[in-house]
Ligand code: GLU
């Protein structure tokens, strides 16, 4: 694969950007970048009833967040525009009319009531669904009479009643479909809007698309598209139908499995580089073992041949693991920059970022090793940033200790810490470790009491490093409060 391709991502703006669609965009993007070709973003907005306000922006946001840029599209323009199908209606109408003139399509005047009745009949008789071709052989006069009655027709394709439509799918190999299994599908609706089939074919041809890379769910549309290419005298593109993303139960990944919008993953604090790497490996692999790959490595190594045939599972544990790896690999500056927008969504954390950036920067290395998501960073650093800890006094009581012993230990720690002039981890350890022995306690007993007193939690980053970052003033204040609680 060395020839530069022209590929497209052609979303319908009918909702949020599903990770499955975004992965389709990614496969297209990877092939375009691998071959030095072009990625076209085309908005398939001809289904007026299903159009959702804001969906195009959400799709673009998702693509941009992952760094999936496009060479032609609604916002950047290009030689093959416009890139909204709703702005290309004349082209589809002309194609439909040409097909009617050629005898490859016809006007159908059947009312929706009639079609509903027909479908019900087919269900009852257990017949395959599909238009019964009532209008297929109408004469010009019969059409004119219906026009005169004011009936607005649809245009249907005159699917050949015999023969086969074979094609070579890059992933599925030779696929053969019997034409008699296809019905006379609609090309142009009565409101003048095209169906997906017509618009898709007209545009892929007009935009000189070389490879159609799309999810397996569209494979049943492909014979219809090929029949249209043939009737219009166009050269069809190469087809690549990749498997779908599945949930753990092997059903198509959907909302009931959890978050499915790429923007939800952004909001939950996954890094774009994690998401890029993770999605690229759902259904594609380099060698069945390499997991961590940079964007450039993926571009260099991407090939259609290594897209698998079977659906691949969206493994959330793997995503969390991978995000942890990517988070750990960030430099302190990168980590601060990545985490900052998430901190700003929290009142206390946001205030601290603005007023005490150095303090926040000192906190972050303590949680970088442990955080699986950027959102988790807020949760892990919260105790550093609040004025007052909120915890149950019972939490303070050390293992095999009572309230009196706990208070005694804490008071002793307070006495040792008060005169300390340097509050770095080593100095803290130098006074606190011997103190445990003096009190006849295990180090762990004393440290856990202190940990709760200064963090309000039983689990926190290493105690001395945490206390050092909190600083003497905060620590002493918190120990005082804990003593009062006891
Ligand atoms: N508009 C279709 C979609 O929403 C495009 C399918 C195709 O790539 O042909 O996915």
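Tabulated data for the structure shown
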item: Single condition residue 217 does not satisfy, out of (1) within 13 Å of the ligand (Cβ to nearest atom); (2) in a helix (DSSP H, G or I); (3) farther than 17 Å from residue 313 by Cα; result: (3)
item: Scan of the range 185-199 for residues that are away from the ligand (no atom under 13 Å from the Cβ) and touching a residue at least 60 places away in the same chain (Cβ under 8 Å), ordered by number; result: 186, 187, 188, 191, 192, 193
item: Filter result for the condition that a residue is within 16 Å of the ligand (Cβ to nearest atom) and on the phi < 0 side of the Ramachandran plot, over 299, 202; result: 202
item: Test for residue 324: is it surrounded by 13 or more Cβ atoms within 10 Å (Cβ to Cβ), touching a residue at least 12 places away in the same chain (Cβ under 8 Å) and closer than 27 Å to residue 375 by Cβ; result: yes
item: Test: residue 415 is assigned to a loop (DSSP other than H, G, I, E, B) and loosely packed, with under 13 Cβ neighbours inside 10 Å; result: no
item: Subset tally (residues that are away from the ligand (no atom under 13 Å from the Cβ) and within 15 Å of residue 69 (Cα to Cα)) for the range 18-34; result: 7
item: Qualifying positions in the range 35-61 - touching a residue at least 40 places away in the same chain (Cβ under 8 Å), within 14 Å of the ligand (Cβ to nearest atom) and within 18 Å of residue 72 (Cβ to Cβ); result: 40, 41, 42, 43, 44, 45, 56, 59
item: For residue 15: the one exception among (1) within 12 Å of the ligand (Cβ to nearest atom); (2) at pLDDT 95 or above; result: (2)
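Here's the yes/no breakdown for (1) under 32 Å from the mean Cα position of the chain (by Cα); (2) in contact (Cβ under 8 Å) with a residue 24 or more places away in the chain:
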site: 355; (1), (2): no, no
site: 363; (1), (2): yes, yes
site: 369; (1), (2): yes, yes
site: 389; (1), (2): no, yes
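Listed here are the residues, each with its yes/no results for (1) surrounded by 18 or more Cβ atoms within 10 Å (Cβ to Cβ); (2) touching a residue at least 24 places away in the same chain (Cβ under 8 Å).
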position	(1), (2)
245	yes, yes
256	no, no
260	yes, yes
269	yes, yes
272	yes, yes
280	yes, yes
283	yes, yes
286	no, no
291	no, yes
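Matching residues to (1) part of a helix (DSSP H, G or I); (2) in contact (Cβ under 8 Å) with a residue 40 or more places away in the chain; (3) crowded, with 20+ Cβ neighbours inside 10 Å; (4) within 16 Å of the ligand (Cβ to nearest atom):
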| position | (1), (2), (3), (4) |
| --- | --- |
| 221 | yes, no, no, yes |
| 224 | yes, yes, yes, yes |
| 227 | yes, yes, yes, yes |
| 230 | yes, no, no, no |
| 236 | no, yes, no, yes |
| 239 | no, yes, yes, yes |
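The values are calculated or read from the model by the stated rules, or taken from the named source; none is laboratory data. Note that the coordinates shown come from a computational prediction; the quantities given were computed from them, not determined experimentally. Cβ coordinates were reconstructed from backbone atoms using ideal geometry, including for glycine residues, and neighbour counts include every protein chain displayed.
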